1. Go through segment 109-132 and give me each residue that's more than 26 Å from the chain's Cα centre (by Cα) and either assigned by the TED database to the domain that holds ILE80 or more than 21 Å from ASN76 (Cα to Cα) (or both).
2. So if I check each of SER238, SER259, SER255, SER189, which one is assigned by the TED database to the domain that holds GLY164 and open to solvent by less than 60 Å² (accessible area, probe 1.4 Å)?
3. Of (1) in contact with a Gly (Cβ under 6 Å, 6 or more places away or on another chain); (2) without any contact (Cβ under 8 Å) to a residue 12 or more places away in the chain; (3) within 25 Å of GLN85 (Cα to Cα), PRO219 satisfies all except one. Which?
4. For THR247, which of the numbered conditions (1) touching a helix residue (DSSP H, G or I) at 6+ places or on another chain (Cβ under 8 Å); (2) exposed (fewer than 13 other Cβ atoms within 10 Å of the Cβ) fails to hold?
5. Take the residues in segment 133-166 that are farther than 27 Å from LYS213 by Cβ and among the aliphatic types (A, V, I, L, M); name whichever of them is surrounded by the most Cβ atoms within 10 Å (Cβ to Cβ).
6. Among residues belonging to segment 167-186 that are within 14 Å of LYS208 (Cα to Cα) and not in a helix (DSSP H, G or I), point out the one that is least open to solvent (accessible area, probe 1.4 Å).
7. Tell me, which residue of segment 63-79 that is touching a residue at least 24 places away in the same chain (Cβ under 8 Å) and hydrophobic (A, V, I, L, M, F, W, C) is nearest to LEU40 (Cα to Cα)?
8. Out of ARG158, ARG177, which single residue is of a type in the set (Lys, Arg), farther than 17 Å from ARG220 by Cβ and touching a residue at least 12 places away in the same chain (Cβ under 8 Å)?
Amino acid sequence: MWFRQMVTTIPFSSSPEPFLLLHNESLHIMPDTQPAHALLELIAKSQLTSLSGIAQKNFMNILEKVVLKVLEDQQNIRLIRELLQTLYTSLCTLVQRVGKSVLVGNINMWVYRMETILHWQQQLNNIQITRPAFKGLTFTDLPLCLQLNIMQRLSDGRDLVSLGQAALNLHALSEDRLLWKKLCQYHFSERQIRKRLILSDKGQLDWKKMYFKLVRCYPRKEQYGDTLQLCRHCHILSWKGTDHPCTANNPESCSVSLSPQDFINLFKF
């Protein structure tokens, strides 16, 4: 589960670009973590200095609420840990180059925020996930073909590795060559794959090693269950599946999906 801000969209009277009014006091649970995480990571990695002082403060406030939610639910720990590390690395670079970059506010305030991030990371590292007392049917009780079929739905190789570490029989399934081959073909083009061929000791393609090599060289395929839609007719942003006051004859044909990077690009001049 994740937080998302309730977005009210108001078009400029003289500009085709959308204007967003973010209600920070009204936070809603979003079922898909990926778009929210990708947006926060983009800001933490490269867009932090382009935010105003108020926006930077709001970004840290939203991040704090997300961390508290993760600490409470003990879900999406890895995603938040990686996000905090990305933000901390960016801030280290910016603080060291404070005279050459734009960080709004007193430098001591940013040092304090960095200490806060380290504290959050320590809290996440201290989480002890307890196994629930459940005596019913478990994942490993399913037939092997069903286990493998479910594992084929995972789109992140790190999740496959983590699943393989949960039990010995799952480890064997997580090493399935066809599983990693499909994962490579899902995220990357044939041309990209041909450039990163790796052979195993047996002379076969090592799809697992190739996947992690490809991840380091190329972006993975974006996949989101809940995305923002931009109406090309009235220039209003809305969440997919929600209505907006569009005057077009066929509003659905005017809407295009926006990835987190597309959303960030709307604010570049």
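1. MET109
2. SER189
3. Result: PRO219 passes all but (1).
4. Failing condition for THR247: (1).
5. Looking at the filtered set, the residue picked out is LEU142.
6. Selected residue: ASP176.
7. Within segment 63-79, the match that is nearest to LEU40 (Cα to Cα) is LEU63.
8. Criteria check complete, one pass: ARG177.
The values are calculated or read from the model by the stated rules, or taken from the named source; none is laboratory data. Note that the structure is a prediction, hence the values are computed from the model and not measured. Positions of Cβ are backbone-derived with ideal geometry, glycine not excepted, and every protein chain shown enters the neighbour counts. To get the accessible areas, we keep the full protein, side chains included, count just its heavy atoms, and leave off ligands, DNA and RNA. Shrake-Rupley method; radii C 1.70, N 1.55, O 1.52, S 1.80 Å.
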